[in-house]
1. I'd like to know if region 137-146 contains one or more residues that are in contact (Cβ under 8 Å) with a residue 60 or more places away in the chain, part of a helix (DSSP H, G or I), on the phi < 0 side of the Ramachandran plot and surrounded by fewer than 13 Cβ atoms within 10 Å (Cβ to Cβ).
2. Looking only at strands (runs of 3 or more DSSP E) that fall completely inside region 155-209, which ones have 2 or more residues that are at pLDDT 90 or above, under 26 Å from LYS134 (Cβ atoms) and in contact with a Gly (Cβ under 8 Å, 6 or more places away or on another chain)?
3. Report yes if some residue within region 72-80 is surrounded by 11 or more Cβ atoms within 10 Å (Cβ to Cβ) and at pLDDT 70 or above; otherwise report no.
4. Pick from region 147-164 the residues that are of a type in the set (Ser, Thr, Tyr) and surrounded by 14 or more Cβ atoms within 10 Å (Cβ to Cβ): which of them is farthest from THR12 (Cα to Cα)?
5. From the list LYS93, LYS134, LYS104, which residue is surrounded by fewer than 12 Cβ atoms within 10 Å (Cβ to Cβ) and outside any helix (DSSP H, G or I)?
6. Mind listing whichever residues of region 11-34 are within 18 Å of the chain's Cα centre (by Cα), closer than 19 Å to ILE100 by Cα and among the polar types (S, T, N, Q)?
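The values are calculated or read from the model by the stated rules, or taken from the named source; none is laboratory data. Since the model is a prediction, treat every value here as computed from it, not as a measurement. Heads up, the Cβs are rebuilt from the backbone with ideal geometry, glycines too, and the neighbour counts pull from every protein chain shown.
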Amino acid sequence: MSDILRKLPIKTPLLEKQSIKLKYSKEDFNKLNQLLQKENDYLKLINGRNPLTNRKIKMNGGTYYKVIHNNFYNIFPEEYFILKKINQIEYFKKVELEEIRINKINKKIERKNKLIKIGNKIIDDIIKKILNLKNWNDYILFHNKKYGYPYNVKTINDKNIHIYNNCDGEIVLYDTDYSECHLCECWFGCGGGCSYTTKYYKCKECDYEYSEKT
């Protein structure tokens, strides 16, 4: 029965909700307002007044440079001058409109995700039925497709059975190989000394064999 698919149905991934991406936040503008006060103080300083005491000071004197170093040295980042040009009221009005738009989109996404979850629950049930199939030629019809058991070996009554093509032979362990790596195969951070075990299995009824590393 070549029309039987040997794979499991694929579930639909949930849609991701959108989030508003602000270029500048309220916190950025709060910092801006703090820096604006610093700028006002700086204007006082270059006009000959100590912004801390409001007293006149000697331009380019010791107090002048001390105030600059302690209060104004490298405090105005490049972004500050960009933020100064932005109308905060207009900016946050646009942000508010964008939030409304995003919320509408996310409500649609929520409704779609509810339907996707219902569909995925159906697929989960179908997958359980597929994995419970006992014969190689059995199948579950789903969306006009025939889904058969997808693996060559199935555990039945605590025994591994070679279910492929109705062989039904018991799978047995016939050899075990213990190996230790000495920087020969592991290329990603191996310091030597890592080890692994290879188990070899075969079918009692046919020549089917496979191995597993642990």
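1. Scanning region 137-146, I find no residue that is in contact (Cβ under 8 Å) with a residue 60 or more places away in the chain, part of a helix (DSSP H, G or I), on the phi < 0 side of the Ramachandran plot and surrounded by fewer than 13 Cβ atoms within 10 Å (Cβ to Cβ), so the answer is no.
2. The strands (runs of 3 or more DSSP E) meeting that bar are 159-162.
3. No, that holds for no residue.
4. TYR164
5. Result: LYS134 is the single residue among LYS93, LYS134, LYS104 that is surrounded by fewer than 12 Cβ atoms within 10 Å (Cβ to Cβ) and outside any helix (DSSP H, G or I).
6. Correct list: GLN18, SER19.
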